[in-house]
Amino acid sequence: MEIYDINQGIRAYLIPKDKFSVCCMSVLVKRRLDRGEVTMNALLAGVLRQGCEKYPEITDINKAAAELDGAKTDIVNMKKGGVQLLDFYTEVLNNNDNLRRAVDLVGELVLRPLKEDGGFKKAYVDRAKTELRAAIKAMKDDKREYAKNRLISEMFAGESFGIYGDGYEDDIDKITPVKLFEHYRRIIGESGIDIIVVGNFDSEKIKEYLKQFDIGGRKADLKEKENPGEGKTGRITEDMDVTQGKLCAGFRCGGDYYTLVCANEILGRSANSRLFTNVREKEGLCYYITTSALRCNNAVLLQAGISKDNLDRVTELVEKELSEFWKVSDDEINTAKANIIKNYELTDDRPESIMDLCLGGILWGGGLDSAEAAAGIKAVSNEDIRKTFKDKKLETIYFLREAGDTDENS
């Protein structure tokens, strides 16, 4: 990997991989998630992908991409921890002059958006509003994802991570084409921009291609720590028409991320984990149960599908596993480490996985590639892993249950 500073706050991460026939590139405009602008940023992705000055219609963009041996291009809104990103993505076969032309195409989309009457084209904004409103409403249809988002919004209230990354329906109608265009010009001029390139390319040539993104220095560091917000603790229940209750709970850990990854693998990440073995298999109390380590704030998130009658017993057993975590054996730890390292190594098989791992390192520190991440896992001591969940309990418990029940905490 080579890190290339195009300008202050605009940095490229060049990861040559000759085993791929394609080259993948993401130009990532970074914003701290903010309640006042999150909906505008989400809307931008839908507007910008429809046209720019040189390619005013989406059919023009698709035609330009197709002429590059079927290149792919897209603009998406992403939430990564407490950061919102506009991702201008392209994937192209590095034949002839394809790569230069693909980078130029992305440059047109980023730097020269289509303007009409002092703002974005109204028809494009209206279409993007319709699509965003439908996406926000559809979130409720995936009850597992809905429960996860509700837990995060409650537990991390007052923090950027607690903001819903697709924005809020109530804000959509307040956004005008002029207001949205002015907002885009502001953020493109002040936001940190990271460019990740993975695949088959010549580093010196692509540095030349990327110079078009030298659009002035800016502050780019989003790594400063946020103070914890005023998130809710205890139990929160919500009634909905569901056939299976959705439990989502979390607690903060702090400390080293790689230590937490190892502990989480043993606790609930894998099919051999303690929660899967003891709560699902032995007790038969849930349809699924899993945990994930949140790299953005070193917290643990638990998700489970359970009957409403088993809520108290499941939470009791989870906290029992936390309190007895110091008993994990060397064999469990060694197996967990081996599994994690294998998964890191598998990221090298897909450009998208390589880019995602690199992005995590950019945003939160730690390894930028699989080798660095594996080294971080190997360096964790067994004793530190055993101490990870000392005195930890579920801080916030959100339960989405069948409509008709009542509870004083609902």
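Please pick out the residue among SER307, SER270 that is of a type in the set (Ser, Thr, Tyr) and either surrounded by 16 or more Cβ atoms within 10 Å (Cβ to Cβ) or modelled with pLDDT of 95 or more (or both).
SER270
Does GLU321 meet the test of being among the acidic types (Asp, Glu), crowded, with 18+ Cβ neighbours inside 10 Å and closer than 18 Å to CYS253 by Cα?
It is true that GLU321 is among the acidic types (Asp, Glu), crowded, with 18+ Cβ neighbours inside 10 Å and closer than 18 Å to CYS253 by Cα.
Could you please tell me which pairs satisfy a Cβ distance under 7 Å, a separation of 6+ or placement on different chains, a first residue in the stretch 9-21 that is assigned by TED's automatic domain parsing to the domain that holds ASN96, and a second residue that is outside any strand (DSSP E or B) and small (Gly, Ala, Ser)?
Here the result reads GLY9/GLY192; GLY9/GLY217; GLY9/ALA220; LEU14/SER203; PRO16/SER203, each pair linking the stretch 9-21 to a residue that is outside any strand (DSSP E or B) and small (Gly, Ala, Ser).
If we keep just the residues of the stretch 91-114 that are charged (D, E, K, R) and at pLDDT 95 or above, which is surrounded by the fewest Cβ atoms within 10 Å (Cβ to Cβ)?
ARG112
To keep it simple, each residue is scored yes or no on (1) under 23 Å from ARG35 (Cβ atoms); (2) in the same structural domain as SER353 (by TED's automatic domain parsing); (3) surrounded by 16 or more Cβ atoms within 10 Å (Cβ to Cβ).
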position: PHE156; (1), (2), (3): yes, no, yes
position: ILE163; (1), (2), (3): yes, no, yes
position: THR176; (1), (2), (3): yes, no, no
position: ARG185; (1), (2), (3): yes, no, no
position: SER203; (1), (2), (3): no, no, no
position: TYR209; (1), (2), (3): no, no, yes
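Find all pairs meeting these conditions: Cβ atoms under 8 angstrom apart; at least six residues apart or on different chains; first residue within the stretch 140-168 and closer than 12 Å to GLY231 by Cβ and assigned to a loop (DSSP other than H, G, I, E, B); second residue of a type in the set (D, E, K, R) and modelled with pLDDT under 95.
ALA157/GLU230; ALA157/LYS232; GLY158/GLU230; GLU159/GLU226
Which condition breaks for ILE175 when tested against (1) free of Cβ contacts under 8 Å to residues at least 24 places away in the same chain; (2) closer than 26 Å to TYR55 by Cα; (3) part of a loop (DSSP other than H, G, I, E, B)?
For ILE175, the exception is condition (1).
Do you know which residues across the stretch 46-59 are hydrophobic (A, V, I, L, M, F, W, C) and without any contact (Cβ under 8 Å) to a residue 60 or more places away in the chain?
ILE58
Could you say whether any residue in the stretch 356-378 is more than 19 Å from the chain's Cα centre (by Cα) and among the polar types (S, T, N, Q)?
No: the stretch 356-378 contains no residue that is more than 19 Å from the chain's Cα centre (by Cα) and among the polar types (S, T, N, Q).
Quick one: ASP239 ticks every box in (1) over 26 Å from TYR89 (Cα atoms); (2) assigned by TED's automatic domain parsing to the domain that holds VAL76 except a single one, so which number is it?
Against the list (1) over 26 Å from TYR89 (Cα atoms); (2) assigned by TED's automatic domain parsing to the domain that holds VAL76, ASP239 comes up short only on (2).
Considering VAL76, VAL27, VAL38, which residue is surrounded by fewer than 18 Cβ atoms within 10 Å (Cβ to Cβ), within 27 Å of PRO177 (Cβ to Cβ) and within 24 Å of the chain's Cα centre (by Cα)?
VAL76
The values are calculated or read from the model by the stated rules, or taken from the named source; none is laboratory data. Computed from a predicted structure; not experimentally measured. Note that we place each Cβ from the backbone using ideal geometry, even for glycine, and neighbour counts take in every protein chain shown.
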